[in-house]
1. Quick check, is ALA297 touching a Ser or Thr at 6+ places or on another chain (Cβ under 8 Å), touching a residue at least 60 places away in the same chain (Cβ under 8 Å) and surrounded by 17 or more Cβ atoms within 10 Å (Cβ to Cβ)?
2. Within segment 51-71, can you find the residues that are at pLDDT 80 or above and not aliphatic (A, V, I, L, M)?
3. Do we have PHE84 as out of contact with any Leu (no Cβ under 8 Å at 6 or more places or on another chain), surrounded by fewer than 24 Cβ atoms within 10 Å (Cβ to Cβ), outside any loop (DSSP other than H, G, I, E, B) and modelled with pLDDT of 85 or more here?
4. VAL49 passes all but one of (1) in contact with a Lys or Arg (Cβ under 7 Å, 6 or more places away or on another chain); (2) of a type in the set (A, V, I, L, M); (3) within 25 Å of PRO248 (Cα to Cα); which number fails?
5. If you go through segment 284-296 one residue at a time, do you hit one that is touching a Gly at 6+ places or on another chain (Cβ under 9 Å), of a type in the set (Lys, Arg) and under 30 Å from LEU236 (Cβ atoms)?
6. What are the residue pairs meeting all of these: first residue in segment 43-70, first residue among the polar types (S, T, N, Q), second residue at pLDDT below 70 and part of a helix (DSSP H, G or I), Cβ atoms under 6 Å, and 6 or more apart or on different chains?
7. Considering only residues that are modelled with pLDDT of 80 or more and under 24 Å from MET308 (Cα atoms), look in segment 143-167 and name the one that is surrounded by the fewest Cβ atoms within 10 Å (Cβ to Cβ).
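The values are calculated or read from the model by the stated rules, or taken from the named source; none is laboratory data. Source: prediction; values computed, not measured. No Cβ is skipped: glycine too gets one built from the backbone with ideal geometry, and neighbour counts run over all protein chains shown.
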Amino acid sequence: MIWSKKQASILAIVAVTSFMGTFLISSVNIALPAIEKSFSLSAVTLSWVITSFLLATAMFLLPVGRWSDIAGVRRLFKFGLIIFTLASLLSSLATSGYGLIIFRYLQGIGAAFTTTTGPAILVSAFLPKYRGRVLGISVAAVYLGLAFGPFAGGLLTQYLGWRSIFYLATFLGVFTSVIAFLFLGKDKNQVRKNQKADLKGTSFYMAGLVALVYGSSQIPSFTGWLVMAVGVLAILIFWVIETQSSRPAIDTRLYTQNRLFAFSNLAALINYSATFAIVFLLSLYLQKIQGLSPRDAGMVLVAQPVVMAFFSPVAGRLSDRIQPRYLTTLGMLMCTMGLTAFAFLSTDTSIWRIVVVLIWVGLGFALFSSPNMNTIMSSLDKSRYGFASGSAATMRVLGQIISMTIATIFFAALFGTQTVEAVSDRLFLKAFQWGFISFSVLSVAGIYFSYNRGKINREN
């Protein structure tokens with residue numbers, strides 16, 4: 001096909017912003033020890049450098065999806081780019097750890113705006129028959145960010161300092177903002193002045209997420225479980241309010257009356273919940289059990305995101321030709337098999353076996369992700385593209401939080417207050433294996449929802 005200059009520009013803009021979010025997550029992870037030394041942060045406080053970004057993104061994804069359907073996806077996309085760029089600059093200039101955490105939170109808000117509206121802009125700019133292809137390219141950019149982040153973050157931190165990561169993010173933000181204002185254009189027949197979203201329910205949603213994330217960081221103490229229970233209650237109140245509201249920020253009927261949309265979102269939530277902690281757990285395993293250096297461990301772990309980046313556009317293109325549920329089901333099945341294989345790693349497992357399983361899981365994730373996103377976007381009409389992409393992104397971030405919470409629970413239960421370095425290899429492997437067993441069981445449910453979602457209507 002021949003794309004117009006505007007279409008190519010839109011695809012490039014969305015791809016770069018997709019890359020930036022995951023690049024920052026993976027590169028900042030590498031820089032955490034340097035940040036810890038700069039500000040003398042405790043382990044818990046240091047973790048909030050990552051958590052604050054994820055939390056802000058999770059809090060704003062769904063509300064922004066609704067707001068963009070009212071105010072216009074292009075307008076909010078540009079607004080998010082500005083927030084992200086300014087927050088990146090402020091992060092590079094932070095003078096304290098708490099200041100950095102606040103700026104990272106703002107950065108997460110900006111990422112929520114661009115993450116939610118980006119896919120909506122893509123599907124509105126291309127014909128339905130090319131939808132899977134362009135979404136696949138966007139998803140590939142996400143995985144390139146994951147793959148490139150550890151290497152670039154390590155090099156930048158070692159030779160230029162951790163602040164250089166945020167300098168690079170600022171440069172990319174400025175570049176993308178300029179291109180967006182030049183080529184993205186304005187929303188046409190999108191703004192609905194007479195529509196307003198009821199924000200009462202949204203406040204419970206945001207408060208509930210904060211309670212859940214903070215509570216999980218306090219597990220296994222009673223206070224942690226209590227705060228998490230309050231978070232669950234707040235989410236339930238939010239659901240009730242949105243169901244009864246005449247102007248809901250989030251239309252709950254789409255989850256209860258649209259099987260294709262609901263099952264596809266549940267499948268995404270389960271997939272990310274089961275797979276996101278793979279890199280976290282394997283990074284510790286490779287360095288503690290296998291004795292690899294951080295650089296060598298990174299070289300092993302890059303196998304998964306590279307495969308994801310390469311095959312995601314292929315899977316997206318295939319989903320334009322055949323029903324996506326067959327691809328997503330195969331992908332979930334492959335992920336489940338890979339997660340099960342990880343549960344049987346031991347002290348003498350060969351590195352090549354681990355690489356093969358990583359490649360297998362990466363291929364499974366590629367087969368799942370792009371076709372699943374294609375299904376979510378195709379399950380609603382054009383007027384709800386913003387909400388659809390916001391919902392999909394929310395499932396991803398919530399899944400990431402759930403995955404890390406599951407891993408943390410096993411660590412807290414078995415390690416107590418000990419560090420990973422202090423515990424015995426046997427005890428570490430026990431927590432490691434129970435984590436992957438849990439992820440495998442969870443992934444089985446994803447197979448069910450992937451297959452039983454129904455078929456997409458390609459006329460939308």
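1. Here the answer is no, as ALA297 does not meet what is asked.
2. Hits for segment 51-71 are SER52, PHE53, THR57, PHE60.
3. Criteria not met by PHE84.
4. Answer for VAL49: the failing condition is (3).
5. no
6. Every condition considered, the pairs that remain are SER68/GLY386.
7. Among those that are modelled with pLDDT of 80 or more and under 24 Å from MET308 (Cα atoms), it is GLY145.
Every residue, every condition in (1) under 20 Å from ARG317 (Cα atoms); (2) at pLDDT 80 or above, yes or no:
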residue	(1), (2)
PHE342	no, yes
LEU345	no, yes
SER350	no, yes
GLY362	yes, yes
PHE368	yes, yes
ASP381	no, no
PHE387	no, no
